[in-house]
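Comments concern the structure below.
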Amino acid sequence: RWQAVKMRPRLRPWRRAGSRVVAQAGSYKVAILGAAGGIGQPLSLLIKMSPLVSALHLYDIANVNGVTADLGHCNSPARVAGFAGKEELAGCLDGVDVVVIPAGVPRKPGMTRDDLFGINAGIVRELVEAVADHAPGALVHVITNPVNSTVPIAAEVLKRKGVYDPRKLFGVTTLDVVRANTFVAEKKGLPLADVDVPVVGGHAAATILPLLSKARPKTSFTDEEVEELTARIQNAGTEVVEAKAGSGSATLSMAYAAARFVEASLRGLDGDADVYECAYVQCQAVPELPFFACRVRLGKDGVEEVAAAELRGLTEFEARALEALKPQLRASIDKGVAYAQQLP
Ligand code: NAD
Ligand code: LMR
């Protein structure tokens, strides 16, 4: 039941055209805001390859025309259109089903994700205001850090505009799941495609909580393995930031993860049953935390079910880690809400 979405594109039904058999084009429109950036470019390429997408709108404040021209030459069905600068943002959002937001600055070595708040909060606010005005029914995927705070900001902005639907707003935490799956498969010698580890909590340091006891296939870990794997998954973003030595943070693995989450969302919109992914959403899985990452079922209206039951039967290690992350996650949520509530 908890089968995660694999990065295997699901071709839509084949139809006959005269003597030829052709794949039917998808019908969903996706917008990427921040499309010319380190994440935005490879993410745009992956989404351009999705058979579910008919139109791909690329928006950025810089360099978007080159990315659009380049990507437009790929002979996959999605039509690509570029939108440069604020005056074109409304056109970019017109009629889209999913808006993905990777716009904003990334970390450099020595920084926390929260250090990005000062710049990125304003970027998310501005973009989500436009989403509220021009694509109020769209699913919104927020990648911009600090996700623990930018998602509550987005929620407040949508509320003020009177168009907030908690089922349609997501903080993208798929990269934590992708990393957990990779590291567990490597450590335990399991086939990569079979491993599925839920990761709950938030998307920063100790708020990232992999539930190794709930990993599929059922796997046993020593206490040392649990500690080592948990620490590696929590610090994986920093591992990349340090390796990139000042030139940014994870982009390729993030694009891969975000494309997986878009594909899952589109499959949900398309009526596929049993589409589950972990995401940071408004929910009551943990009563003290209005936003929490956990496994959700995706459907025609976004989140259709929150798998809060997965938080039952945790190991002692996981239960302690969950208690420990609560104050940090709560503070990040409150910071986002306070920021948005003081806006004029
Ligand atoms: P980047 O600097 O390479 O690209 C950011 C892009 O955003 C640039 O093209 C820039 O022009 C654009 N941009 C800036 N302000 C904008 C605005 N107001 N409107 C539209 N576009 C704007 O950065 P990146 O490596 O792509 O990272 C982007 C964000 O994603 C960062 O905040 C980073 O921390 C975050 N991130 C999140 C995760 C996650 O798991 N959620 C993973 C990796 C990175
Ligand atoms: C990640 O987990 O890779 C991202 O949140 C980027 C970062 O700053 O670590």
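Largest first, the three principal axis extents of the alpha carbons in the stretch 123-277 are 50, 42, 24 Å in whole numbers. Using a cutoff of 8 angstrom between alpha carbon atoms and counting only pairs six or more residues apart, the relative contact order for the stretch 35-172 works out to 20 percent.
Working from label points 7 Å from Cα in the Cα-to-Cβ sense, the ASP94 to SER247 distance is 3.9 nm. FRET efficiency for the ALA331 to GLU305 pair, using the beta carbon distance and R₀ = 25 Å, is estimated at 0.30.
The dipole here belongs to the chain: it is taken about the Cα centre, uses +1 on the Cβ of Lys and Arg and -1 on the Cβ of Asp and Glu, and is about 980 debye. When the alpha carbon gyration tensor of the stretch 114-189 is reduced to an equivalent ellipsoid, the three semi-axes, largest first, read 29, 15, 8 Å. For the stretch 71-138, dividing the convex hull volume of the Cα atoms by the residue count gives 127 Å³ per residue.
Across the chain, Cα pairs under 8 Å and at least six residues apart give a relative contact order of 17 percent.
Residues SER213, SER265 in ascending order of nearby Cβ atoms (within 10 Å, fewest first): SER213, SER265. Database remark: amide H of ILE208 closer than 5 angstrom to the amide H of GLY202 (H placed geometrically; neighbours at sequence offset of 5 or more, or on other chains; Pro and chain starts carry no H). If R0 equals 35 Å, the separation of the Cβ atoms of GLN284 and ILE61 corresponds to a calculated FRET efficiency of about 0.40. Expressed in Å, the radius of gyration and Dmax of the Cα atoms of the stretch 191-253 are 13.2, 39. Excluding same-chain neighbours fewer than eight residues apart, the aspartates and glutamates reachable from LYS214 by a Cα-Cα span under 12 Å are ASP196, GLU310, GLU318. Rounded to the nearest 5, what % of the DSSP beta bridges within the chain are antiparallel ones? Of the beta bridges lying entirely in the chain, close to 50 percent run antiparallel. Once C-alpha pairs closer than 8 Å and six or more residues apart are averaged by separation and normalised to the residue number of the stretch 39-119, the relative contact order reads 27 percent. Loop-located trypsin sites (Lys or Arg not before Pro) across the stretch 113-180 with a Cβ neighbour count of 16 or fewer within 10 Å are LYS161, with loop assigned by DSSP. Once the C-beta distance of ARG320 and THR219 is scaled by a Förster radius of 22 Å, the resulting FRET efficiency is 0.60 to the nearest 0.05. Other residues whose C-beta falls under 11 angstrom from the C-beta of VAL99 contribute a net charge of +1, scoring Lys and Arg +1 and Asp and Glu -1.
With neighbours defined as other Cβ atoms within 10 Å of a residue's Cβ, the residues VAL140, VAL337 order from fewest to most as VAL337, VAL140. What the Cα atoms of the chain give is an Rg and a Dmax of 19.4, 64 Å. Think of the chain as a dipole: +1 on every Lys or Arg Cβ, -1 on every Asp or Glu Cβ, centred on the Cα centre; then among ALA154, ALA135, THR230, ALA135 lies furthest on the positive end.
Arranged from fewest to most other beta-carbon atoms within 10 Å of their beta carbon, ARG295, ARG79, ARG260 become ARG79, ARG260, ARG295.
First check a/c for the stretch 258-344, with a ≥ b ≥ c the square roots of the eigenvalues of its C-alpha gyration tensor; if it is under 1.5, answer rounded, and if not, answer prolate when a/b is larger than b/c or oblate otherwise. Taking the square roots of the gyration eigenvalues as a ≥ b ≥ c, the stretch 258-344 is oblate. At full extension, GLU228 and SER27 could sit 68.0 nm farther apart than now, given 0.36 nm per residue minus the alpha carbon distance. Taken along the Cα-to-beta-carbon direction at a fixed 7 Å, the label points for CYS74 and ASP272 span 1.8 nm. Normalised by 2.2 N^0.38 Å, where N counts its residues, the alpha-carbon radius of gyration of the stretch 154-230 equals 1.40.
Over the stretch 194-342, the fraction of Cα-Cα pairs per 10 Å bin, rounded to whole percents and listed from the shortest bin up, is 10, 35, 38, 16, 1.
Throughout, read-outs are computed from the coordinates displayed, never taken from laboratory work. Predicted model only: the values in this text are computed from it and were never measured. All Cβ positions, glycine included, derive from the backbone under ideal geometry; neighbour counts span all protein chains shown.
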